Amino acid sequence: MWDQRYAIKEYIYGTAPNAFFAAEAWRIPEGPVLFLAEGEGRNAVWLAERGHTVTAVDSSAVGLEKAQRLAAEHGVTIETVCADLAEYSITPGAWAGIVSIFGHLPPDLRCQVHRQAALGLRPGGVFILEAYTPRQLSYGTGGPPRAELMMDQTTLGNELSDLRFLLLRELEREVSEGRHHSGQAHVVQVVAEAP
């Protein structure tokens with residue numbers, strides 16, 4: 001499905017970074033940063049422009065080809081890894097930052113990935129996430145079609161309990177990220193730090 005969605009010239013979520021991520025990225029310490037379900041690369045490329053070494057993981061080879069093209073257009077280098085997150089292993093203690101922007105997964109897999117992400121951070125490393133909450137279904141402005149693929153503050157508080165939360169909140173905000181994320185939306189946002 002994702003290869004098909006990305007197989008057009010247009011960057012379907014735009015080329016600018018997610019606004020929440022861009023506002024909070026200053027918290028990530030120096031070092032390598034891992035992007036989960038990064039698609040066409042807009043967030044990874046933006047952070048690479050700011051001097052970080054970045055790795056973008058996604059299951060869509062088509063999306064990652066566009067990410068590499070975007071990186072070349074911006075004069076930066078990013079590493080891309082084509083892998084299903086069900087099979088990708090996050091190296092423990094390896095990352096200064098791990099980022100998940102609208103990376104909606106089935107609950108069991110999400111829990112597994114979030115456990116690995118918490119362990120994957122170096123001490124002082126930062127995890128940044130924005131996702132749609134189940135309330136988003138009534139907005140119709142983006143996100144998956146099923147509530148089980150969405151997240152809320154309580155669920156994420158439990159799944160990431162090994163981290164220290166700097167920010168954990170749900171809110172309504174305007175999202176303007178290409179044709180598939182456009183309009184008022186209900187999101188959950190996380191910034192958390194490894195002890």
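If I filter region 176-191 for residues that are aliphatic (A, V, I, L, M) and free of Cβ contacts under 8 Å to residues at least 40 places away in the same chain, do I get at least one hit? Among the residues of region 176-191, not one is aliphatic (A, V, I, L, M) and free of Cβ contacts under 8 Å to residues at least 40 places away in the same chain, which makes the answer no. Residues that are under 19 Å from Arg179 (Cβ atoms) and either crowded, with 19+ Cβ neighbours inside 10 Å or acidic (Asp, Glu) (or both) within region 142-161 comprise Gly142, Gly143, listed in sequence order. Restricting attention to region 110-122, the residues that are of a type in the set (Lys, Arg) and open to solvent by less than 20 Å² (accessible area, probe 1.4 Å) total 1. Against the condition acidic (Asp, Glu), in contact with a Cys (Cβ under 7 Å, 6 or more places away or on another chain), touching a residue at least 12 places away in the same chain (Cβ under 8 Å) and closer than 28 Å to Tyr6 by Cβ, how does Glu159 come out, does it pass? The answer is yes for Glu159.
Is it the case that some residue within region 123-141 is crowded, with 17+ Cβ neighbours inside 10 Å and assigned to a helix (DSSP H, G or I)? Yes - at least one qualifying residue is present in region 123-141.
The values are calculated or read from the model by the stated rules, or taken from the named source; none is laboratory data. No experiment lies behind these values; they were computed from the predicted model shown. FYI the Cβ positions are ideal-geometry reconstructions off the backbone, even for glycines, and counts take in every protein chain you see. Heads up: the accessible areas ignore ligands, DNA and RNA and are worked out on the full protein's heavy atoms, side chains in. Shrake-Rupley method; radii C 1.70, N 1.55, O 1.52, S 1.80 Å.
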